[in-house]
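Quick notes on the structure that follows.
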Amino acid sequence: RDPYFWQYLANTLFLMLNIPLSMTCALLLAVLLNREIRGRVVFRTLFFIPHLCSGIAIYMVWTMLLTYEPNVGIINGFLWKLYHIFGVTGADAAALLPGWLIDERWAKPALIIVFVWASAGGFSMILYLAGLQNIPPELYEAADIDGANGWMKLRYITIPQLAPTTFFIFVTSVIGGLQGGFEAAYIMTGGGPGGSTTTISYYIYTQAYQQLEVGYAATISMVLFALIFVATLINWRYGGSRLETS
């Protein structure tokens, strides 16, 4: 009967749209960094560094980047100058600036961008790199003989061969997505604007430590556990069976 619970659950599920985006970026990065290019070890390290940084530090930096005021926020400052180049100035330019963290229409997409940036080069990329190195090179050699191009080899060899890795990453990402969002909401938006970025984990925190409704917070935690358990069972039931048949 709590309408806020359903709103914040919807927020959590919406923010989990970063999972397919992050997995796609991680796969593309792994494919690029698996090639014989000069300095690829350095590039792998650079892409992995954000995953080693503290989440608090990352969210504080992104808060400054996404600040609405163009003289403070770097992204809106760049857009402000771009608008002026095209002759849009004054109030018209200000109206076109996205309210990244203060507008309900932009807050969740802004967090998704941050999540994708922070996770694309992390362990998902490392797992994909390990999976790519275990693909038999004879498959690619046979594809070259048959005249397959890069897209065909990616679609018919790389992606099917990485199916177990993709399945593992997806299951763990879903579990983390249902549990996540607390640090970003706490540091970047405070759950706002209008509760548009409050997730289940942040709602548990506010109920337990701000409203002192410890019993209700524990109840939400049990519901969250049940959701994670059911989601994991569904993934293993259907995803695992597809892996066995393939």
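Structure notes:
- Its Cα gyration tensor gives segment 91-187 an equivalent ellipsoid. The semi-axes, each the square root of 5 times an eigenvalue, are 39, 19, 9 Å from largest down.
- The mean sequence distance of close C-alpha pairs (under 8 Å, at least 6 residues apart), as a share of the length of the chain, puts its relative contact order at 27 percent.
- Whole-number accessible area per residue in Å² for segment 82-218, which is evaluated in the context of all protein chains at 1.4 Å: 52 Å²
- Remark: the Q133-E104 segment gains 6.1 nm on full extension, using 0.36 nm per residue and subtracting the alpha carbon distance.
- The Cα-based radius of gyration and maximum Cα-Cα distance (Dmax) for the chain are 21.4, 68 Å.
- Spin-label zone in segment 138-155 - amide nitrogen under 19 Å from a point set 7 Å from the Cα of I37 along the C-beta vector: 150-155
- Once each of the trypsin sites (Lys or Arg not before Pro) sitting in a DSSP loop with at most 14 other beta-carbon atoms within 10 Å is removed, the chain keeps 39-246 as its longest stretch.
- Accessible solvent surface per residue of segment 1-74, calculated while the other protein chains remain in place, 1.4 angstrom probe, Å²: 65 Å²
- For the pair L212 and R1 in one chain, pulling the backbone fully straight at 0.36 nm per residue adds 74.0 nm over the alpha carbon distance.
- On the chain, 67 percent of the accessible area sits on carbon and sulfur atoms, based on a 1.4 Å probe.
- Stretched out straight at 0.36 nm per residue, the stretch from K81 to F229 would grow longer than its current Cα-Cα span by 48.4 nm.
- Virtual spin-label span in nm between A10 and I175, 7 Å along Cα→Cβ: 2.9 nm
- Size estimate for segment 135-181 follows the Kirkwood approach: the inverse of mean 1/r over distinct Cα pairs works out to 12.4 Å.
- Simple spin-label estimate for T24 and V88 in nanometres, 7 Å along Cα-Cβ: 2.5 nm
The values are calculated or read from the model by the stated rules, or taken from the named source; none is laboratory data. No experiment lies behind these values; they were computed from the predicted model shown. So basically every Cβ, Gly included, is an ideal-geometry build from the backbone, and we count neighbours across all protein chains shown. Heads up: the accessible areas ignore ligands, DNA and RNA and are worked out on the full protein's heavy atoms, side chains in. Shrake-Rupley method; radii C 1.70, N 1.55, O 1.52, S 1.80 Å.
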